[in-house]
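Working notes for the structure below.
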Amino acid sequence: MNGACRAFGRNVPAGMLGELADVSALLAAPERLRERLAADGHALLRGVLDEGEVMAARAAVFERLREVGEIEAPARAGIATGKSRRRELAGDLGRFWKSVVDMPVLRQVTNGPRLGRVMEAVWGEPACGMDYLFLRAGAPGSATGLHYDFPFFTRATPRMYTVWVPIGPVPVTEGPLMVVEGSRRFDDILGHLDGFDIELDDTRKAEVSHDPVAFARERGCRLLTADFAAGDLLVFDMFTMHGALDNHSPGGRVRLSCDVRYQPAADPLDPRYFGPDPGGTFGGGYGELNGAKPLDEPWHRR
């Protein structure tokens with residue numbers, strides 16, 4: 001990994017860092033890949049998407065953000081202006097963000113045939129990706145606290161994977177995803193969250209920790225991450241704790257990534273996330289996502 005890793009303003013000590021292992025060779029032996037996912041909860045697959053398609057999606061998204069004053073020209077570079085006219089020019093923020101995530105050039109990456117084939121190999125049966133995408137444009141200063149995904153996405157079926165897709169290169173200095181080593185075996189935390197549905201149960205919090213360094217030290221575990229390239233992706237299950245490192249890009253570059261959830265096609269579909277106009281977790285459509293907020297507004301979770 002090239003560069004320092006930071007989490008909520010703190011340097012991550014070298015002893016608490018680990019590099020994600022590339023297991024893309026296991027796509028040629030899908031049963032072994034499924035065994036690896038069952039054991040580790042996550043799998044880094046490098047170079048499995050078309051780099052040209054990924055970079056085309058990156059350019060298109062950044063161009064839309066340039067049009068609302070958030071990205072400098074040329075848009076392809078992805079440099080934040082530190083300003084925004086999104087509220088002024090776009091009006092309805094949810095409608096604007098939906099128009100971004102529904103661009104065919106992005107859907108070709110997130111819901112296209114290449115990723116579909118990968119996820120069919122992962123599941124060992126036909127798979128489908130959610131229509132509702134979590135597209136995230138993380139300006140410098142952004143980070144994401146540690147959490148599990150199952151309180152959000154397992155209402156209709158427990159068989160679900162998150163696919164984290166870097167839309168272009170994301171080195172560690174720009175805040176890529178990190179997973180907590182061994183977190184599928186944190187029975188004390190998982191037991192406390194058993195049966196938790198984020199929409200139906202407002203007495204519990206989905207986020208586990210705002211301080212990944214302190215959490216890793218307390219648990220005696222490592223934070224696993226990598227420098228990601230266009231075409232890479234990370235698959236992980238609902239019981240793998242994860243978050244995102246700080247984007248402290250020295251050049252002010254915005255980190256662009258997308259979360260898309262895949263399940264077996266034969267399983268029931270959660271209507272919150274499937275269909276032409278999905279309502280999302282809480283029914284607010286794309287307007288409820290942090291991604292819909294202008295890039296100059298402060299936040300910590302994306």
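The values are calculated or read from the model by the stated rules, or taken from the named source; none is laboratory data. The structure presented is a predicted model; accordingly, all values stated were derived computationally and were not measured. Because the Cβ atoms are built from the backbone with ideal geometry, glycine has one as well, and the counts that use them run over all protein chains shown. For accessibility, only protein heavy atoms count, side chains too; no ligands or nucleic acids. Shrake-Rupley method; radii C 1.70, N 1.55, O 1.52, S 1.80 Å.
If each of Leu89 and Glu199 carries a label point 7 Å out from its Cα toward its Cβ, how far apart are those two points in nm?
3.3 nm
Taking a ≥ b ≥ c as the square roots of the eigenvalues of the Cα gyration tensor of the range 103-228, is the shape rounded (a/c under 1.5), prolate (a/b larger than b/c) or oblate?
It comes out oblate by the Cα gyration axes.
Which sequence of Arg114, Arg32 reflects their accessible areas, 1.4 Å probe, from the largest down?
Order by accessible area, largest first: Arg32, Arg114.
Pull up the DSSP beta bridges for the chain and report the antiparallel fraction as a percent, rounded to 5.
Among the beta bridges of the chain, antiparallel pairing accounts for roughly 90 percent.
Would you mind checking the range 36-79 for residues with the amide N under 12 Å from a putative spin-label position 7 Å along Cα→C-beta of Ser24?
Correct set: 44-52.
Where does the charge balance sit around Glu297 when Lys and Arg score +1, Asp and Glu -1, over other residues with C-beta under 10 Å from its C-beta?
Value of the local net charge: +2.
Taking springs between alpha-carbon atoms closer than 10 angstrom, which of His147, His192, His248 fluctuates most in the Gaussian network model of the chain?
His192
With a 1.4 Å probe and all protein chains left in place, how much accessible area per residue does the range 31-134 have, in Å²?
With the other protein chains kept in place, the range 31-134 gives 45 Å² per residue.
Per residue, how big is the convex hull of the range 233-302 when only Cα atoms are used? Give it in Å³.
So the per-residue Cα hull volume is 144 Å³.
Starting from the 7 Å offset along Cα-to-Cβ, what nm value, one decimal, do you get for the label separation of Arg76 and Ile189?
It is 4.1 nm.
Which of Phe150, Phe186, Phe228 moves the most in a Gaussian network model of the chain with Cα springs under 10 Å?
Judging by the Gaussian network model, the answer is Phe186.
What residue among Ala137, Ala38, Ala80 shows peak mean-square fluctuation when the chain is described by a Gaussian network model with Cα springs under 10 Å?
Per the Cα network of the chain with a 10 Å cutoff, Ala38 tops the list.
Thr157 to Asp102: FRET efficiency via 1/(1 + (r/R0)^6), r the Cβ-Cβ distance, R0 22 Å, to the nearest 0.05?
0.35
If R₀ is 22 angstrom, what is the calculated FRET efficiency for the pair Arg219 and Arg32, using the beta carbon separation as r and rounding to 0.05?
For R0 = 22 Å, the calculated efficiency reads 0.20.
Over the Cα atoms of the range 170-242, Rg to Rh with Kirkwood Rh, two decimal places?
1.00
Principal axis lengths of the chain from Cα atoms, whole Å, largest first?
That works out to 47, 44, 43 Å along the principal axes.
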